[in-house]
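The values are calculated or read from the model by the stated rules, or taken from the named source; none is laboratory data. The model shown is predicted, which means the values in this text are computed figures rather than measured ones. Cβ sites come from the backbone with ideal geometry, for glycine too, and all protein chains shown count toward neighbours. Remember, those area values only see protein heavy atoms, side chains included, never the ligands or the DNA or RNA. Shrake-Rupley method; radii C 1.70, N 1.55, O 1.52, S 1.80 Å.
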Amino acid sequence: MIVKAATLLAAEEGGNPLIPHTYELVVGIFAFLVVFLVVGRMLVPRIQKTLAERTDAIEGGIKRAEEAQAQAQELQRQYAANLEEARREAARLREEAREQASQIKAELREEAQAEARRLVEAAHAQIEADRQAAFAQLRTEIGRLSTELAGRIVGESLEDEARQSRIVDRFLDELESSNAQAVR
């Protein structure tokens, strides 16, 4: 039914329904030209301007990103160089510390050896002084005993100190010479 009504209506109008009427064609062309001019003169420049700004922003962003990346790479290279320099410096400081430690150790060893030598020499000197003192005391005691013994043997008193001293010295000299001959 609907199809029949549409065919009747089209037959009454008398033409091909696919071809528009002339007045519709003129109005359509005029409307197209108005839209084309409005879009071409007003909207296209704005669109192009907006697109150019976006292009510049994108390209500028890319350029800034590339610059930032180059700076980051440069900073990373500098950081690596500084780190390597710090490592070399630390190694050098460790080596200096080892050298100083060995030098201090050697100095302390030398000081300890010098102190030990000094103590040994002081001990030898003290021993020699004690030996000399003991020898002098012994010499005095021997002299006194020998004078007393000689006085008992001779039967007279040898209390004169000068004579006593001469006798003791002569006795000890003879004793020392006999010891020296016995040692040889």
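Anything in the stretch 139-148 that is surrounded by 12 or more Cβ atoms within 10 Å (Cβ to Cβ) and out of contact with any helix residue (DSSP H, G or I) (no Cβ under 9 Å at 6 or more places or on another chain)? List them, or say none. Spell out the reasoning first.
Applying the first criterion (surrounded by 12 or more Cβ atoms within 10 Å (Cβ to Cβ)) to the stretch 139-148 yields 139, 142-144, 146-148.
Passing the criteria: only 148.
Starting from residues that are closer than 18 Å to residue 166 by Cα and open to solvent by 60 Å² or more (accessible area, probe 1.4 Å), keep the ones in the stretch 95-138 and report whichever is nearest to the chain's Cα centre (by Cα).
Filtering the stretch 95-138 down to residues closer than 18 Å to residue 166 by Cα leaves 135-138.
From what is left, the residues that are open to solvent by 60 Å² or more (accessible area, probe 1.4 Å) are 135, 137-138.
On the way: 135: 65, 137: 68, 138: 69 Å.
Here the residue is 135.
How many residues are aliphatic (A, V, I, L, M) and surrounded by 10 or more Cβ atoms within 10 Å (Cβ to Cβ) if we restrict to the stretch 13-29? Outline the logic, then answer.
Our first condition is that a residue be aliphatic (A, V, I, L, M); within the stretch 13-29, this holds for 18-19, 25-27, 29.
Next, from what is left, pick out any that are surrounded by 10 or more Cβ atoms within 10 Å (Cβ to Cβ): 25-27, 29.
Qualifying residue count for the region: 4.
Return yes or no: is residue 32 of a type outside the set (A, V, I, L, M), modelled with pLDDT of 90 or more and open to solvent by 100 Å² or more (accessible area, probe 1.4 Å)?
So residue 32 passes the test.
Kindly indicate whether residue 4 is open to solvent by 90 Å² or more (accessible area, probe 1.4 Å), modelled with pLDDT under 85 and part of a helix (DSSP H, G or I). Let's see the steps before the verdict.
Details: open to solvent by 90 Å² or more (accessible area, probe 1.4 Å): yes; modelled with pLDDT under 85: yes; part of a helix (DSSP H, G or I): yes.
For residue 4, the condition - open to solvent by 90 Å² or more (accessible area, probe 1.4 Å), modelled with pLDDT under 85 and part of a helix (DSSP H, G or I) - is met.
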